[in-house]
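Here's the structure, in structure tokens; my notes come after.
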Amino acid sequence: MTSISPFYQSCAQQLAPVKSSLRIRNSHSLNVFESSPSSPSSSSAPSHPTATASTTNESTIVNNANPEAVTTTAAPKTIQHSMRQRLFDIATPTPTSSLQWWIDWDYTRCVQDCSGPPPCGDRVRDSWEDAYEIEECCDILYGSLMHTRTGWCADKVVETVSPTVSPSAIPSNIAPNTLTNQIICGYQGWFAFPGDGAPINRWKHWFSNPANVSAPVVDEELSVDLYPAVDEYDNEDLIETRIPMKDGSYAKFYSSVKPKVVLKHFEWMETYGITGVFHMRFMESLNIVKNREWKTMVLRNVKNAAQATGRAFAVSYNIAGRTLNNNVLDDLKADWIRLVDEEKITQSDRYIHQEGLPVLRIYGIGFKAVNVDDTDRMADLIEWFQYTADEKYRVFLVGGVPSGWRKRISDSREDPAWENIYDSLDGIQPWHVGRWSTITEFDNYHSNTISPDAEHCNDKGILYMPTMWPGFSWHNLKRKSRDASVNQIPRLGGNFMWRQAYRFVADSNINTIWMAQFDEVDEGTAIYKVAATRDDLPAEGNWLALDADGQSLPSDWYLRLCGEAQKMLEGKIRLNSTIHIQPLS
């Protein structure tokens, strides 16, 4: 056996003390490569262009063809992790189909081909098979790389460990099932209609009257602003109403309980390069058997669709129901045990993992408007998920928190005890929808709130996941409110969303983004295929089409933008301050 390089020896030395206790979290930071004798210094590694996120006014950003647009290569991220995160982040996710890879000694120094010259190519000079004689390295590095089929020089791993398998033999369309360098969409999956096969047997989210099957009163019962493009769904998965379309046909709506509907959504994700979703699981009324079964049917659809398309998925609980109180925390724990034991949800190879653990998000932590205010019980739940539960129930826990969480202001509860709650989480995902209305407002918000939040999380070894959203409109949902106008926060042809993508990717403390949301037509944030023009809308009611801002856009425009933003985050395309693709190309 050939000698093992100092790089691997150093890795083993760092891993050995914590091999039996990988649940170290957020206590201190360690850069594995910092102490490695073979780690190249910054002076010996090739320089990398650094993106600068300068403030751009709206008139500039709206012009997609602006020749003055900032266009630079997306820089690798510089992030200070907890020890446990650092150990797993040695295997930085990057697509196996790419010839480029980021060598990770803080993501900052080197971009080279796997076969490139030292210092980068030198990292893979030794045989991986030989390196795995070091058990401490093998367990973490090899498991992380091959489980996700991506990672730190994954091409070279395939070449040396399995010489008969070429990198091209691994499907290039398999999405990483991790949070690192990924944009993950929120997925509601809460749509239903009477007779769709769900035990609730009623309208859900399309219309407010649950029993009015074929002739809902649009002006009184419509609950959504965006009309879904239904031409790609099977007719058997749709219900036809008596609401007229402008071409003489009638409006149709789908149900999320239909497996082929959810599969179609995941096929779109696959087509446009979107990694996957957090599927919402609302605790409101989950104690009612028929409601729980309906929601679980949709979750099964999500799991099966993710497996069929190579997408990734995870569960996101919502504890913000109006009838809920602190007891929901016990109910949530019991439901998670049920999902793990009965649905075997985390056994899917498409379930999102981070630091070797299944990822779980809980939305509603610390909100003033949420009736869960017992910090002791919240701390107990967090500790259970992280430390005291049986190993199979433990998770990487992401908190869906208020936008004012760090300072405990605005929408956040102000009790100092919530600071410890926030800091105990593995990930922080603030809800930013509606926090800015223009591109200029976003630039200011990013500078004053998001960037300091991300730095705070970086310092504490917490994953930070800001919210990106395309625009906002909930006129029909809130028709009694004078402020709920159609197209309340305009999308600006995609420029509103793209500015967020650009600033987030350019921020060195951000490497994970929440996309709100894949299918949220109630609040007008959906990115999936919806009516492109006014002519595609039903003839009755107040609706929002994609051409509302005077630009002709295809129904898949926001799927394309999300896929392009994902490429930019991964460094597959250059960092662009303005949209670099054309709507009809």
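Worth pointing out:
- When Asp549 is tested against (1) touching a Lys or Arg at 6+ places or on another chain (Cβ under 9 Å); (2) open to solvent by less than 40 Å² (accessible area, probe 1.4 Å), exactly one condition is not met: (2).
- The strands (runs of 3 or more DSSP E) located wholly in the range 204-283 that include 2 or more residues which are without any contact (Cβ under 8 Å) to a residue 40 or more places away in the chain and of a type outside the set (S, T, N, Q) occupy 238-244, 250-254.
- Residue selection: Ala484 satisfies the criterion of being under 30 Å from Asn209 (Cα atoms), aliphatic (A, V, I, L, M) and either open to solvent by 70 Å² or more (accessible area, probe 1.4 Å) or out of contact with any Gly (no Cβ under 9 Å at 6 or more places or on another chain) (or both).
- Ile362 meets each of the listed conditions (1) within 19 Å of Trp514 (Cα to Cα); (2) open to solvent by less than 50 Å² (accessible area, probe 1.4 Å); (3) assigned to a loop (DSSP other than H, G, I, E, B) apart from (3).
- Qualifying residue in the range 380-402 (condition: open to solvent by 60 Å² or more (accessible area, probe 1.4 Å), closer than 28 Å to Ala526 by Cα, assigned to a loop (DSSP other than H, G, I, E, B) and not aromatic (Phe, Trp, Tyr)): no
- Failed condition for Gly541, given (1) touching a residue at least 24 places away in the same chain (Cβ under 8 Å); (2) part of a loop (DSSP other than H, G, I, E, B); (3) on the phi < 0 side of the Ramachandran plot: (3)
- Taken over the range 207-232, the criterion of being of a type outside the set (A, V, I, L, M), open to solvent by less than 60 Å² (accessible area, probe 1.4 Å) and more than 25 Å from the chain's Cα centre (by Cα) is satisfied by Phe207, Asn209, Pro210, Asn212, Ser214, Pro216, Glu221, Ser223.
- Odd one out for Thr180, checked against (1) at pLDDT 50 or above; (2) in contact with a Ser or Thr (Cβ under 6 Å, 6 or more places away or on another chain); (3) not hydrophobic (A, V, I, L, M, F, W, C): (2)
- Residue that is surrounded by the fewest Cβ atoms within 10 Å (Cβ to Cβ), among those in the range 277-336 that are among the hydroxyl-bearing types (Ser, Thr, Tyr) and within 23 Å of Ser255 (Cα to Cα): Ser285
- Any hit, the range 329-336, residues being farther than 18 Å from Arg281 by Cβ and in contact with a helix residue (DSSP H, G or I) (Cβ under 7 Å, 6 or more places away or on another chain): no
The values are calculated or read from the model by the stated rules, or taken from the named source; none is laboratory data. Only a predicted model underlies this, so the values are computations on that prediction, with no experimental measurement involved. Here Cβ is always computed from backbone atoms with ideal geometry, including for glycine, and neighbour counts include all displayed protein chains. The protein model used for the area step is the full one, side chains on, heavy atoms only, and it has no ligands, DNA or RNA in it. Shrake-Rupley method; radii C 1.70, N 1.55, O 1.52, S 1.80 Å.
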